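These notes concern the structure reproduced below.
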Amino acid sequence: MDERSLEILEFPAIRARLAELTTFGPARRIAEALVPSADPVVVARGLDETDQARALRAERPEVGIGGAVDIGPAIERAARGGRLEPTQFLGIAETLDAAARLATQLADDRRPLLRDLARRLHALPALRATLARSFDPTGELLDTASPRLGALRAAVRVAYERLRRRLDSLVASELGSALQEPIVTVRNGRYVVPIRAEARGRVRGIVHDASSSGQTLFVEPLVVVELGNAWREAQAAEAEEVERILDELSALVGAHAPLLRETLDALATLDFWLAKARLAEVLEAVRPEPSPDGSLELRAARHPGLGPTAVPIDVRLGGEFSALVVTGPNTGGKTVALRTIGLLALMHQAGLHVPAAIGTRLPVFRDVFADIGDEQSIAQSLSTFSGHLRRIITIVERAGPGSLVLLDELGAGTDPTEGSALAQAILDHLLAAGALVAATTHSAELKVYAHTTPGVRNAAVEFDLETLRPTYHLSIGLPGGSQAFAIAERLGLPPAIVEAARSRLTEDERAFEATLARIREAERETAAALEAARRAEDRAVEALRVAEEERRRARAEREATLAAARAEAEAVLARLRAELEAARRALERETLTVPRIDARLARAEAALAALPAAARPEAEVSWRVGDWARSRSGGWEGRVVAVDRARRRARLESEGKRVSVDLAELVQSPAPRSPAEGGSGSERGAIRAGTNRSRLGLERVRRVASSLDLRGARVEEAVAALERYLEDAALAGLAQVTIVHGLGTGALRDAVRATATAHPLVAAVRGGGPNEGGDGVTIVAL
């Protein structure tokens, strides 16, 4: 990636934020060295790392590197044969403890990258046990560090106690008036007593020091010299053993250097991944979707450096157009839009999530180039235009297919006409080279160029003329105005001067600006209407969701009620069975009398009558083609068109669909009523007369349709269904019915017509007319 562009687009600031979110040195160094990659495999791997680290933090926020420290220098020193300090051993022990905990936490993780990382964590239990046995929490060597160390320290303590007791005895009695003070002190590592200078001859010993006044001499009495020597020798032996132990432990660490390096690297890697996850959470970022066609689409994208005040922008680039010319007033957000596009592309290619909405798509660019800001340099005798041009020359030489080029104020800093022509030529060259380009400008000629050139599109940053503040929204399709006259008026420039300036515009320029203003107003109205439609659609979707939820809840409540009723029925039936068993036993004993039998029957009938309707035992139905049924759990309701008794399944025709349902799931359902199914006047009179046949006929009229659809049924099933249907139709008082059997091979049609002709309730049989379904139906007069 172009290093200068990384600086211009503020990628180092993102690296610094990421480094601040790490918890120890090695991970911080990884973050500080992060650079975007142009390799799609590397980019995808980096995004996977961030994904899995975010998922880990969401599920187990306590997981981390714990008390691990940077043991890299200690590992390298031990590997070269150097002696480590006790504090370095403590750091190694703490890091191994953290690695052991983390390896246990990640060992069974379902995320592959984290699981693989756990395999690179080496707990080294033997080394951990040795260090735990050798040092206390403050870094002091324990007596258990070696078999000899405890005995040597005991010898030091014994020698010290002998020396102190003898010195205390001398001070207390034997030296008496020769002492300047009755104390024991240390000079040059030897225990001495302060003797008055004039009493020097009375005390035999070695002078180790004198006071500044010369009045006091610090003398080691000869009687304690041997005891002092013994103490110093014991100390030397202890120090020698301590050095030997440290050398031995250092060699042990050096022998494990490769595994320690791998463990440290794994800990740093995980901490770096977790830092990427924390940054994504802070920025409320998402993983961009891949873009196989190389186009770019940012949705609600926010510049990460602007914080919560950033206004989201939507940007498209690639596909229909490869260059975007952004215009609008100063401070309107043109440059921020360019920086947002570039920085989010770099973050994506560094394996970071980007602050944008779901649906954002980003390709993997071969390179990202930016020319933004003032390139003026007094030291190099470069004007603003020259500085920009040098940068653009570099970009033009290197840009090609798969490049993203961002140019701020293209063509500015020189004669407007020549600058505009140069800008158009640069854009033509970059388009021909296959790059994606976004450029900002104030040039009216570039607005026209973007409008008339294939593959180039205008875009504008919006400005609120009432408040004189930019809205920072980016709209694609129309150029923006610089709003110089409007801003000048609002700021108080005399109206006469503003009008004089407007009069200097050509008629074409005034007409162009007026047309743009009308189009922008129409687009605002259209956008408002679309937003209202979107809100209405959202409300409708929510209403459908609520209705579906209510339907599911009602079904669940119905099933629960049914289950409870069935349980109650089972309990009643169990009691009835017990009653029957008791009655049977009484009969066997010949003790059951008629009154007792009547009483038990009354109790049984009362128990059955008390059952809820839903709990009444249902007799098993022998389903046949033509029956109407409903599925308890699926909610399907329709006509039975096929029955597979071997597999105990039936096929229902419901709302134009055919579904396979378990026979045990089916319950009987009334056939749908037809508007014509009302019965004749004579039947109504008979019904009023109250005859049984009339009441039965009324019930049949309510249930029998004027047609029977036999399509899809086997011949024997169809014949049985037809016979039942003709009986029901005749009893319902229907004068004529239609049998739908379809064309097919003709076998079903012939069977239908033969059965109908032979039926005693049938008066006449004929094929359907042109308007009745043709030869695919049979009309039966009853």
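The values are calculated or read from the model by the stated rules, or taken from the named source; none is laboratory data. These numbers come from a predicted model, not from an experiment. When we count neighbours, we look across all protein chains shown, and the Cβ atoms used for this are built from the backbone with ideal geometry, even at glycine. Just the protein is used for accessible areas: all its heavy atoms, side chains included, with ligands, DNA and RNA removed. Shrake-Rupley method; radii C 1.70, N 1.55, O 1.52, S 1.80 Å.
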Rounded to the nearest 10 Å², the 1.4 Å probe accessible area of Lys657 is 100
I need the helices of the chain that pass two filters: whole DSSP H segments spanning 20 Å or more by Cα along the axis, and mean Kyte-Doolittle score no lower than -1.0. 40-59, 86-106, 149-169, 222-255, 257-283, 334-349, 384-398, 416-433, 507-588, 594-609, 715-731
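Give me the percent of the accessible area of the chain that comes from carbon and sulfur atoms, probe 1.4 Å, all protein chains in place.
Numbers: 22320 of 40780 Å².
Taking all protein chains in place, the chain shows 55 percent carbon and sulfur surface.
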Centre separation in Å (Cα based) which lies between region 177-202 and region 20-96: 58
Can you give the helix-only mean residue ellipticity at 222 nm for the chain, where every DSSP H stretch with n ≥ 4 adds -39500 (n - 2.57) and the sum goes over all residues, rounded to the nearest 500 deg cm²/dmol? -17000 deg cm²/dmol
Rough spin-label spacing in nm, given labels placed 7 Å along Cα→Cβ, for Asp108 and His429: 6.4
Cross-link reach list, lysines versus Lys447, counting only Cα pairs under 18 Å and skipping chain neighbours closer than eight places: Lys334
Hey, of (1) 27.1, 84; (2) 48.4, 159; (3) 26.7, 90, which did the structure itself give for Rg and Dmax of the Cα atoms in Å when calculated? (2)
Rounded accessible area per residue of the chain, 1.4 Å, Å²: 52
For region 270-307 and region 393-438, distance of Cα centres in Å: 28
Near the amide H of Phe369, under 5 Å away, which other amide H atoms are found, from residues 5 or more places off or on another chain, if H is placed in the peptide plane? Leu404, Val405, Leu406
Extension reserve of the Glu181-Thr561 stretch, reckoned as 0.36 nm per residue once the Cα distance is removed: 126.7 nm
Packing-based order for 290-303, 562-575, using average beta carbon neighbours within 10 Å, highest first: 290-303, 562-575
Taking the highest mean first, how do the peptides 279-289, 738-748 order by number of other beta carbon atoms within 10 angstrom per residue? 279-289, 738-748
